[in-house]
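To keep things clear, I will list the structure first and then write my remarks on it.
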Amino acid sequence: MTTDQDLKMDGQPATSVFATKGTDVTPKKDKGVVKVVKRQGLDEERPMIGDRVTVHYTGKLLSGKKFDCSRERKEPFRFNVGKGHVLKAWDIGVMSMQRGEVCTLLCKPEYAYGSAGNPDKIPPSSSVVFEMELLKFEGEALTGDSGIIRRIKVKGDGYMNPNDGASVEVHLEGKCDGRRFDYRDVSFIVGEAEDKGVPLGVDRAMDKMQKGECCLLYLKQKYGFGSEGKPELKIGPYKDIVYEVTLKSFQRAKESWEMDLPEKLELAAVVKQKGNQYFKVGLHHQAVAQYQRIVLWLEMECGTGMEQQKRIQSYMLTAHLNLALCFLRTKEYTQVVENCNKVVELDEHNEKALYRRGEARLLRNEFSLAMEDFQHVLQVNSSNRAAHAQISICQSKIKEHHEQDKKTYANMFQKFAERDAKVRKTKRRRDECVRNGMNGEVGIKRRWRSQDGPSAK
């Protein structure tokens, strides 16, 4: 039978070590999670709320019985800290650690497995001990290309977030290479932050934030000031920047289901104009956000009469065509094809959609498909000179591609022939060696017989 004193640390009962050397790391200071550092970390930086952390851990009961261990599985454990995805003790304990630190956590039941415990592993209302090693941590990626990384310094209130079109009031502090270039309170419309000189990355992060949240946003140049930089702020081209953002308040915009069709059509005209303004000055990502709002509002609408139906179709065609053009500029060719397909579904002979889809396919090296699109353009408008020129380019590319294939296959067949010849040569040598060996054995046996014959007599 075991007792609570069976688990040892440095040769002493674990509970005694925690009592004398432990630090209460709980916000309430109720000793729900007590930490003893076994190895100091590498620097002063600690994980923030939402960071992706990688840890090794071993879990034990106070009896000393081990119930879980990542090292035995030879696989560290990863999770977003402070989000409530793991034990409360882990969220609290790991956020107190430094990179490379090893510590032991004594966790009360209410911070671990509670009054129920864990069947077959943790008895009800049990305190447990975890040895934790924080291997690494990194901010939360808000975009697929990791162009916006968020690290939350202060968690916000509630569960509501600003939506597209919401009015927000924020405090901003921007830095580049450690130099502060922006420090202000500012209000803007989500999706239109550029109007107030706020970078795209800050705008994009708004719908992930909660009221009262303070976070750090690490922005790659695509989501900052891009290839042009911001000369008036003394920021050069292609510079990564960091913003500390506090969301002070916000007013959500109406959702699509909260608006009737006349209201949507009225707003679509305003948003379309806004998107066109952004496009004209080269702000393609901002323009995309505007055109996508039109699609969101109208894609499920049918209208009650011919006039409404025509207006809906007109806005949808324009939105998808403009999205395709924006995505051509940002080199997102799959998105170009998808938006052009939407237009062709509504209008199979739409010259602009066919041409832009052809451009995207050509840039994706889909030469035959591109040529089909450009040929279709000429069926719609035989005087389209650009389509004639593109067909010539496609034909040249197809020919060039075929020539390259011939060379590739010729080299491939040559290599196969050389390999086969080498194999045959090696086989002949091996066969000759075998034959020579057999002949040698025959000769030896004959000599043995000639030598053995007289002595046998």
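A compact table of results
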{"quantity": "Backbone HN-Hα couplings from phi across region 293-309 [Karplus 6.51/-1.76/1.60, Hz, Gly and Pro as x]", "calculated": "5, 4, 4, 4, 6, 10, 5, 9, 8, 10, x, 10, x, 4, 4, 5, 4"}
{"quantity": "Inter-site label distance for Lys21 and Lys407 at 7 Å from Cα along Cβ, in nm", "calculated": "6.9"}
{"quantity": "Positive-end residue, the chain charge dipole about Cα centroid, Cβ charges, pick of Phe188, Gly156, Thr54", "calculated": "Thr54"}
{"quantity": "Globularity index of region 173-319, i.e. its alpha-carbon radius of gyration over 2.2 N^0.38 Å", "calculated": "1.21"}
{"quantity": "Whole-Hz ³J(HN,Hα) from phi, Karplus 6.51 cos²θ - 1.76 cosθ + 1.60, for region 145-151, glycine and proline x", "calculated": "8, 6, x, 10, 10, 10, 10"}
{"quantity": "Modelled label reach - Glu338, point 7 Å along Cα→Cβ, region 261-289 residues with backbone N closer than 14 Å", "calculated": "289"}
{"quantity": "Derived scalar couplings ³J(HN,Hα) [region 206-215; Karplus, 6.51 cos²θ - 1.76 cosθ + 1.60; whole Hz; x for Gly, Pro]", "calculated": "4, 6, 9, 9, 10, 4, x, 5, 10, 9"}
{"quantity": "The chain - mean residue ellipticity at 222 nm from DSSP helices (-39,500 (n - 2.57) per run, n ≥ 4, rounded to 500)", "calculated": "-14500 deg cm²/dmol"}
{"quantity": "Most positive-pole-ward Cα, Met306, Ala319, Val295, against dipole of region 292-341 from beta carbon charges", "calculated": "Ala319"}
{"quantity": "Relative contact order [Cα under 8 Å, 6+ residues apart], the chain, whole percent", "calculated": "8"}
{"quantity": "Amide H contacts under 5 Å for Asp24, placed H, 5+ residues apart", "calculated": "Lys35"}
{"quantity": "Signed unit charges on C-beta, dipole axis of the chain, positive-most listed residue Asn436, Val33, Ser249", "calculated": "Asn436"}
{"quantity": "Relative contact order (%) - region 323-419, alpha-carbon pairs under 8 angstrom, separation at least six", "calculated": "18"}
{"quantity": "Amide proton proximity set for Lys230, modelled H, under 5 Å, gap of 5+", "calculated": "Ile235, Gly236"}
{"quantity": "Scattering curve values for region 114-181, log₁₀ I(q)/I(0), Debye with Cα scatterers, q = 0.13, 0.19 Å⁻¹", "calculated": "-0.78, -1.07"}
{"quantity": "For Ser125, net neighbour charge (Lys/Arg +1, Asp/Glu -1) across residues whose Cβ lies under 12 Å away", "calculated": "0"}
{"quantity": "Charge context of Asp10, other residues only, Cβ under 14 angstrom, K/R +1, D/E -1", "calculated": "+3"}
{"quantity": "Loop-located trypsin sites (Lys or Arg not before Pro) in region 282-340 whose Cβ has at most 16 other Cβ within 10 Å (DSSP)", "calculated": "Lys331"}
{"quantity": "Local net charge near Val94, Cβ-Cβ under 12 Å (Lys/Arg +1, Asp/Glu -1)", "calculated": "+4"}
{"quantity": "Theoretical FRET efficiency, 1/(1+(r/R0)^6), r = Cβ-Cβ of Lys83 and Leu135, R0 22 Å, to 0.05", "calculated": "0.75"}
{"quantity": "Gyration tensor (Cα) of region 1-119, equivalent ellipsoid semi-axes in angstrom", "calculated": "22, 17, 16"}
{"quantity": "Heavy-atom surface of the chain, accessible at 1.4 Å and reported per residue (Å²)", "calculated": "58"}
{"quantity": "Nonlocal amide H pairs with Asn163, under 5 Å, H built at 1.01 Å", "calculated": "Ala253"}
{"quantity": "Whole-percent carbon and sulfur share, accessible surface of the chain, 1.4 Å", "calculated": "50"}
{"quantity": "Relative contact order (%) - region 1-151, alpha-carbon pairs under 8 angstrom, separation at least six", "calculated": "27"}
{"quantity": "Electrostatic dipole magnitude of the chain [Cβ: Lys, Arg +1; Asp, Glu -1; Cα centre; debye, to 20]", "calculated": "3160"}
{"quantity": "GluC sites (Glu not before Pro) restricted to region 357-406 and DSSP loop, no more than 15 other C-beta within 10 Å", "calculated": "none"}
{"quantity": "Rh by Kirkwood over Cα pairs, then Stokes-Einstein D for region 266-315 at 1.306 mPa s and 10 °C, µm²/s", "calculated": "140"}
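The values are calculated or read from the model by the stated rules, or taken from the named source; none is laboratory data. Here the structure is a predicted model, which is why all the values come from computation and not from measurement. FYI the Cβ positions are ideal-geometry reconstructions off the backbone, even for glycines, and counts take in every protein chain you see. Accessible surface is based on the protein model in full, side chains and every heavy atom, while ligands, DNA and RNA are left aside. Shrake-Rupley method; radii C 1.70, N 1.55, O 1.52, S 1.80 Å.
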